[in-house]
Each structure stands twice: as C-alpha cells, then as structure tokens.
Amino acid sequence: MIGTRLEIDLEAIEHNLTGLRRSLPPGTQVAGVVKANAYGHGLIQVSKKLADIGIDYLATANIREAIAIRQSGIDIPILVMGRTFEVDFGRAVEQDITLTIASLEEAQKLNLNASIDNRKVRVHIKLDTGFNRLGYKDFDVAFSDILAMQHLEYLDIEGIFTHLALTDVASDAKQFEKFEAFLKRLSEADIVIPIRHACDSIGAVAYPDKAYDMVRVGALLYGYCSRKTDFELKPAMTLKTNVAAIRKLSAGEGVSYDHTFVAEEPAVLATLPIGYADGIPRSLSNRGTVEIGGGLARFVGLMCMDQSMIDVTGLGDVKPGDEVVLFGRTIQMLSDIASIAGTNRNEILARMAHRVLRVYYDDGQRIEIWDGLSEGHL
Ligand SMILES: *Cc1c(COP(=O)(O)O)cnc(C)c1O
C-alpha cells in the first residue's frame with residue numbers, strides 16, 4: 001500500500017504508437033511530444049521508452065526539457081517547438097538540439113554559435129498558417145529568409161512546419177492550402193526541406209493524408225484523442241490512492257472547511273490522502289466521483305490541499321488502506337473530471353504534481369517507482 005501514486009503503463013504508450021503508425025501512410029515519421037513532463041507521465045521515463053521503441057523524433061516545448069533528455073543519455077533527434085532565445089543557442093548547438101526558428105536574425109546568430117563549435121545545427125522553420133501564435137506570418141519574408149539561410153554554412157534546414165487551430169474542416173483546409181502553397185514555392189525554387197509536418201494528434205487522426213513527412217503527437221500516445229481513432233487507445237496513466245481514514249457522521253454533521261456538505265442522514269465518509277496540490281482540480285469538491293471497491297463515491301465537502309473526503313455510505317465495509325481509482329482505468333473517467341473542472345484532459349494530466357509518486361509498468365511488470373521529490377527510486 002503506497003498511497004497516492006500515478007501508475008504509468010509504458011506498454012500502453014507502445015500500443016498507442018503502434019496503432020498510430022498503422023493508420024499513417026508507410027514511412028511517415030512520428031515525433032513523440034514529451035513536453036510538460038510528458039503530459040505528467042515523466043519526461044525521462046517516457047522519452048527512454050519512446051527511443052527504445054523507435055520513435056523518430058522527440059519534441060519538447062522548451063530547451064530545458066530537451067537538455068534534460070540529452071543529459072539522460074538519449075541521443076535521438078529532439079525538436080524544441082517553442083521559441084528559444086539567443087542565450088541558449090550555444091547549449092542547443094553543443095547538445096545537438098533542433099530548434100524552431102522564424103527569422104533570419106535567429107538563423108544567423110545560431111549559425112555563428114555553430115561555427116564557433118565547428119558543427120552543424122539543425123533547424124525547423126515555423127510557418128503561421130492561421131494559429132496566430134508563432135512562426136512566419138508573412139510568407140514572402142519567409143521565402144526570402146530561407147533563400148538567405150541556404151548560405152549559412154553551419155545551419156541544416158531540416159524541417160518546416162505549421163500548427164493547426166482545428167476549428168473546423170474548412171479552416172483546417174485553408175491552413176493546409178497555405179502550407180502546401182509555400183511548399184510548392186520552395187520546390188519550384190529547388191529548395192529541399194526534408195521533414196515537413198503539420199499534424200498533432202487530432203490532425204494525424206483526422207487527416208492521415210496530410211501527415212506529410214512527420215506528425216507530432218502527444219495526447220494520442222498517452223491514450224487520449226478527441227477524434228475517433230480506427231485503433232483502440234489505452235490510457236497510460238492511472239491515478240490511485242488508498243483510504244487514509246474512515247469517518248462516521250450523524251445526521252446534521254458537516255465536513256471540511258465551511259461545512260459545504262452536511263449529512264442529511266447518517267453517513268460514512270472516507271478520507272483520501274490526495275488534494276488539489278497533487279494536481280486534481282478543487283472544483284471536483286461535492287461534484288466529482290472516484291471508484292472504490294467496484295462502486296462510485298462522490299467527493300463531499302471542500303477538497304483540501306492535501307486531502308479530500310468521499311461519501312462511501314452504502315458501499316459496504318470500506319476500510320483504511322482500501323484502493324481508490326481517480327482516473328485512468330477507462331478513457332471516460334478523465335473526460336468526466338475534465339468536464340466537471342471545465343477544462344480539457346491534457347490540462348489535468350500535465351498538472352499532476354511533482355510530489356505524486358510515479359510507478360512504472362512495462363510488459364505487465366512493475367519496473368520502477370520514481371519519487372520526484374528525492375529524485376530517487378523507491
Ligand atoms: C503540444 C503540441 C503538439 C502535440 O499536441 P497533441 O494534441 O497532444 O498531440 C504538437 N505540435 C505542437 C506545436 C505542440 O505545441
């Protein structure tokens with residue numbers, strides 16, 4: 001009995017990747033998106049698993065995530081999808097990290113850094129086809145900049161990409177059209193950029209014919225996608241805890257701060273050693289449910305920072321130590337929590353706290369218990 005922990009099934013990630021690969025045109029590369037601690041699943045453990053099973057690329061939001069991966073000994077390509085500032089260019093070159101760029105000035109500075117080390121640095125050009133977040137918005141500038149970048153000796157223009165807003169089919173089509181028009185312009189000028197990519201998880205599922213050379217998938221690897229897949233997805237993460245204590249309430253007694261729940265009838269409550277600081281939304285107070293002993297129990301009273309209470313009245317003989325599942329046994333459980341909390345599933349996953357133990361499984365075996373607080377294995 002180890003209390004609050006995330007059980008992470010690396011085999012589920014492998015299963016989801018295999019399903020995805022089968023659904024894509026043969027030869028399509030897959031970048032595994034491991035930003036935000038691999039959506040809470042553990043940056044290094046997930047990156048290692050993905051590297052072991054032949055992922056083509058890893059993708060992070062920032063350079064610090066990329067460097068952490070490198071320092072763990074993983075040597076496959078890593079793309080930083082967000083903006084990297086000049087202060088980190090030297091480290092990017094030294095650690096062989098691929099950067100996203102969207103200006104000639106960045107390209108020149110990066111080239112200079114690489115020339116000092118006398119090694120090449122890989123870049124992917126970002127085009128803004130309508131998301132309006134990052135990348136070249138003016139494609140004439142992008143084109144003339146790329147022409148100029150071709151003369152930067154230490155720069156390897158390996159990729160070019162965009163990101164979909166996924167508003168509707170028509171707006172996606174418009175983005176693809178803009179992207180393809182620019183790719184055509186490049187090829188007419190005999191400029192070859194080998195890795196072209198646009199799709200995230202939803203894009204890869206909705207538009208496999210627009211996978212180009214690579215897709216960048218996060219959510220789908222972890223078992224979630226809001227479009228129907230023609231292969232089964234398995235959630236990789238299950239949040240579990242164990243009952244800490246049992247409370248018997250008489251009618252009229254309240255629980256937790258402000259007594260927002262008052263028992264109308266005699267009630268049995270179970271106290272759980274998990275609260276909003278562990279990453280579950282406080283808005284589940286008096287609304288969300290958990291699974292215990294094959295039944296469902298609702299949170300009652302205000303959730304505390306480190307503890308919460310559930311109503312187990314009528315659920316039989318619930319005892320301290322009994323196992324509780326908060327989400328992950330089915331895809332639906334996390335969807336329900338996200339919907340009560342008014343957010344999406346990724347936010348819940350990505351916000352699972354550092355202090356929650358991660359217990360890793362692979363091939364049906366428990367392989368590691370990782371404690372982020374002591375940065376050690378239990
Ligand atoms: C996060 C991210 C992805 C992955 O998104 P999913 O929906 O989780 O697959 C892909 N591309 C970019 C640019 C991202 O920021």
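The values are calculated or read from the model by the stated rules, or taken from the named source; none is laboratory data. In this text, all values refer to a predicted model and were calculated from it rather than measured experimentally. Cβ sites come from the backbone with ideal geometry, for glycine too, and all protein chains shown count toward neighbours.
Within the stretch 82-99, the set of residues being of a type in the set (A, V, I, L, M, F, W, C) and either within 18 Å of L50 (Cα to Cα) or outside the structural domain of K120 (by TED's automatic domain parsing) (or both) comprises I97 only. Scanning the stretch 19-56 for residues that are in a helix (DSSP H, G or I), away from the ligand (no atom under 16 Å from the Cβ) and touching a residue at least 24 places away in the same chain (Cβ under 8 Å) turns up R22, I44, Q45, K48, K49, A51.
Note on the stretch 40-56: residues that are surrounded by fewer than 16 Cβ atoms within 10 Å (Cβ to Cβ) and either under 20 Å from L233 (Cβ atoms) or in the same structural domain as D371 (by TED's automatic domain parsing) (or both) total 2. In the stretch 182-204, the qualifying residues are those that are more than 12 Å from the ligand (Cβ to nearest atom), in contact (Cβ under 8 Å) with a residue 40 or more places away in the chain and not in a strand (DSSP E or B), and the one that is surrounded by the fewest Cβ atoms within 10 Å (Cβ to Cβ) is A189. The residue list T129, T162 contains one member that is in contact with a Lys or Arg (Cβ under 6 Å, 6 or more places away or on another chain) and either closer than 22 Å to Q29 by Cα or outside the structural domain of A92 (by TED's automatic domain parsing) (or both), which is T129. All conditions but one from (1) buried (at least 16 other Cβ atoms within 10 Å of the Cβ); (2) in a helix (DSSP H, G or I); (3) within 16 Å of the ligand (Cβ to nearest atom) apply to H15; the one that does not is (3).
If you go through the stretch 205-220 and keep only what is free of Cβ contacts under 8 Å to residues at least 60 places away in the same chain and within 21 Å of the chain's Cα centre (by Cα), you end up with A206, Y207. Anything in the stretch 57-72 that is in a helix (DSSP H, G or I) and within 14 Å of the ligand (Cβ to nearest atom)? List them, or say none. E65, A66, listed by residue number. When E291 is tested against (1) acidic (D, E); (2) more than 23 Å from Y224 (Cβ to Cβ); (3) in contact with a helix residue (DSSP H, G or I) (Cβ under 9 Å, 6 or more places away or on another chain), exactly one condition is not met: (2).
Yes or no, residue by residue, for (1) aliphatic (A, V, I, L, M); (2) crowded, with 23+ Cβ neighbours inside 10 Å:
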residue	(1), (2)
A38	yes, yes
L58	yes, yes
I67	yes, no
D75	no, no
Q95	no, no
L112	yes, no
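Can you work out which of the residues in the stretch 210-257 that are within 11 Å of the ligand (Cβ to nearest atom) and among the aliphatic types (A, V, I, L, M) is farthest from I348 (Cα to Cα)? So the residue we want is M214. Of the residues making up the stretch 151-171, just one is polar (S, T, N, Q) and either on the phi > 0 side of the Ramachandran plot or touching a strand residue (DSSP E or B) at 6+ places or on another chain (Cβ under 7 Å) (or both), namely T162. Identification of strands (runs of 3 or more DSSP E) wholly contained in the stretch 253-307 with 2 or more residues that are closer than 18 Å to M333 by Cα and without any contact (Cβ under 8 Å) to a residue 24 or more places away in the chain yields 295-300.
Every condition in (1) free of Cβ contacts under 8 Å to residues at least 24 places away in the same chain; (2) within 18 Å of I193 (Cβ to Cβ); (3) among the aliphatic types (A, V, I, L, M) is met by A173 except one, and the failing one is (2). Could you please let me know if L183 is at pLDDT 95 or above, over 20 Å from V80 (Cα atoms) and not basic (K, R)? Against the criterion (at pLDDT 95 or above, over 20 Å from V80 (Cα atoms) and not basic (K, R)), L183 qualifies.
Let's see how each residue does on (1) at pLDDT 95 or above; (2) over 18 Å from T4 (Cα atoms):
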{"site": "L272", "(1), (2)": "yes, no"}
{"site": "Y276", "(1), (2)": "yes, no"}
{"site": "R282", "(1), (2)": "yes, no"}
{"site": "G294", "(1), (2)": "no, yes"}
{"site": "G314", "(1), (2)": "yes, yes"}
{"site": "V318", "(1), (2)": "yes, no"}
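Taking the options D75, D88, name whichever one is assigned to a helix (DSSP H, G or I), out of contact with any strand residue (DSSP E or B) (no Cβ under 7 Å at 6 or more places or on another chain) and away from the ligand (no atom under 16 Å from the Cβ).
Going through D75, D88 in turn, the sole match is D88.
Conditions (1) in contact with a helix residue (DSSP H, G or I) (Cβ under 7 Å, 6 or more places away or on another chain); (2) polar (S, T, N, Q); (3) outside any helix (DSSP H, G or I), marked per residue:
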residue	(1), (2), (3)
H124	no, no, yes
T129	yes, yes, yes
L166	yes, no, yes
S171	no, yes, no
Q175	no, yes, no
